[in-house]
1. Set Lys and Arg Cβ to +1 and Asp and Glu Cβ to -1, take the dipole of segment B:138-269 about its Cα centre, and tell me which of B:186, B:197, B:225 lies farthest positive.
2. So what's the convex hull volume per residue for the Cα atoms of segment A:210-347, in Å³?
3. Starting from the alpha-carbon convex hull of the protein assembly as shown, give the projected area averaged over all orientations, in nm².
4. For chain A, what proportion of DSSP beta bridges, expressed in % and rounded to the nearest 5, is antiparallel?
5. Which of the peptides A:334-344, B:280-290 is most tightly packed, and how do the rest follow, judged by the mean count of other Cβ atoms within 10 Å per residue?
6. Which of the peptides B:54-60, B:240-246 is most tightly packed, and how do the rest follow, judged by the mean count of other Cβ atoms within 10 Å per residue?
7. Averaged over B:279-287, how many beta carbons belonging to a partner chain fall within 10 Å of each residue's beta carbon?
8. Which entries of B:244/B:348; A:195/A:221; A:93/A:336 have Cα-Cα distances beyond 18 Å here?
Amino acid sequence: MSRRSLTLLKNLARNANGSGIQTRSVTYMPRPGDGAPRAVTLIPGDGIGPLVTNAVEQVMEAMHAPIFFEKYDVHGEMSRMPPEVMESIRKNKVCLKGGLKTPVGGGVSSLNVQLRKELDLFASLVNCFNLPGLPTRHENVDIVVIRENTEGEYAGLEHEVVPGVVESLKVITKFCSERIAKYAFEYAYLNNRKKVTAVHKANIMKLADGLFLESCREVAKKYPSITYNEIIVDNCCMQLVAKPEQFDVMVTPNLYGNLVANTAAGIAGGTGVMPGGNVGADHAVFEQGASAGNVGKDKIVLENKANPVALLLSSAMMLRHLQFPSFADRLETAVKKVIAEGKCRTKDLGGTSTTQEVVDAVIAKLD
Amino acid sequence: MARRSASILSRLLANPSSPFIAPSRSITYMPRPGDGAPRTVTLIPGDGIGPLVTGAVEQVMEAMHAPVHFERYEVRGNMRRVPEEVIESVKRNKVCLKGGLATPVGGGVSSLNMQLRKELDIFASLVNCINFPGLATRHENVDIVVIRENTEGEYSGLEHEVVPGVVESLKVITKFCSERIARYAFEYAYLNNRKKVTAVHKANIMKLADGLFLESCREVAKHYSGITYNEIIVDNCCMQLVAKPEQFDVMVTPNLYGNLIANTAAGIAGGTGVMPGGNVGAEHAIFEQGASAGNVGNDKIVEQKKANPVALLLSSAMMLRHLRFPTFADRLETAVKQVIQEGKCRTKDVGGDCTTQEVVDAVIAALE
């Protein structure tokens, strides 16, 4: 009997922490008219983009969410974003994006970056955390990477000085650094986070990253209850893979943020499951947390085995952003249950299911 | 070893909300830049236990460093009108937290609570009556939301003495207000994943008045095919509430029935000292104790400082959610529920012996 009791106890403990049981909280009292449907711009994109955005459309339909999508066809090799797409996003304020593949080299600049600059989406946010039921080599990962989205190494200012010599400009401004630092600390304050870490390489780039650090330090003074520290980016990458539990919120300039976000996503379960979003003062674009430019191999597209979890969780973030918390909670609970059960997983998580099978499992789990 | 495991198991199974099950952190809420700016809220302590419980809320907000600051105004139930600057302040801030205003019985003074609701057109009153884990009651599985029309019905305040000794009191029901409240109730059910809306009425007797209310509810119900709609006569409803409360989910009612149903439901689920509630209109919102807005406690409770602050603390959590500060709302709610569940710190109305201040200290200690 002792053996049975022990295993029963262990099962209870595991299920208690793993199934994310949510008891109904004190009710959210909506304003009259809050239930009116919202329009959201939808950009399926290239590669696995259409597969995963279609997954989101199916789940929203099944939930009867008060959202309807305005779909636009955009491909990575276009030279500019079509003006009607920009119009639509400006009108709706919120956009859901699959992925736009930026061609390597050539003369085509990245449409992802163009979108962010034109709409001034200055903060990119990726939430990397261990999902219950998905085993990884690293436990207790719960990192939010807040990355400056508009300047830094991605300024796109390059020129060939003389044949065979190219200069690429990295631009850091006080304005943008202050903005992103303010957003990171505000985010930590609003979401009950205890620590903000600034990632930099100011020992080498003394003026550029030094300016970034100064802005972070100034903003940190206004939030005395949040711990602030700084870490050099190479040490940071090593610490991420050695002891990820020491990190909480990380604020970074553009390039380091891209690398740190992808690393953190990788240790916590892979880029196929991490949600993320880009936000500016007026607009927000939601997409897979990390690897915005990588739209998967052709084989995954042919076999329809792309992982829809990341975009489903990002659309839960979007529902929360649109002030529909109950729908967001339902979607999130259903997705987490499917992951915890482990029966329906795509190839990047170690299973063999197709995208459609995962979508059906999520819809079946909606309450 | 078997005996120990078995007892731990039985304790765990009996108490499913024990600390083993901690709420897992959900997908993050991505705020807009500037969302952390502090909001101003009008605060009306009021009479009786009002100042005690609003003081409790102020202390807890302070301890949480919530981005809320209060503009306090002194209003008493026996004033003739709500002072102009208070109404100005609520119109400006859009959100108000109220302790309680005692309406004198009889006399010529009309209710200030009603005046506030009518002037700001706060047409929906919402009370969430729910069993709390750890607080034992005679009824289990209670989770009822009573949505009550707030501006017309029997509370129109239109009375006159026809001849000496004969008084007529007008109950006014309009299509406009009935439609509004029905639409709000169904919208609420839709947004909060509720499955059933029940309309409470007495249309067998008041065929035209409550009949108009029912018609409006039926019309709105047609637009929400995913939500079950049914109707129940108010006397049967009161009986069903105390016999089988688990059959009710969201209830939409005119003014007077709503008052009674809300108080009954609050009573079966743990008492008016713990139920949160709010009043909302198209532009403004006022948060106060869920039920018994006019009853501000007897003098003895005020002297001994034993009023229950839980209801107003949970209402202020609803207010934080309304102001779009969901993390602060969750923290406050979790702390309050933990204190209730532990059962060590309870005021007299829920079977304990503590003062208001002791409960507040326990909540602040339980904040993470």
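1. Comparing the listed Cα positions along the dipole, B:225 ranks first.
2. Details: hull volume 22.7 nm³, N = 138.
Output value, Cα hull per residue: 165 Å³.
3. Details: hull surface 146.7 nm².
Averaged projected hull area, Cα only: 36.7 nm².
4. Working: 22 of 47 bridges.
So the antiparallel bridges in chain A amount to around 45 percent.
5. Working: A:334-344: 19.4, B:280-290: 23.3.
Result, highest mean Cβ count within 10 Å first: B:280-290, A:334-344.
6. Working: B:54-60: 21.7, B:240-246: 14.7.
Highest to lowest by the protection proxy: B:54-60, B:240-246.
7. Numbers: counts 1, 5, 2, 3, 2, 1, 2, 0, 1.
Per-residue shielding by partner chains comes out at 2.
8. On the way: B:244/B:348 27 Å; A:195/A:221 13 Å; A:93/A:336 28 Å.
In this structure, B:244/B:348; A:93/A:336 lie more than 18 Å apart at Cα.
Every read-out reported here was derived from the displayed coordinates using simple, explicitly stated rules and does not represent laboratory data. These figures come from a predicted structure and were not determined experimentally. Cβ atoms come from the backbone with ideal geometry, glycine included; neighbour counts cover every protein chain shown.
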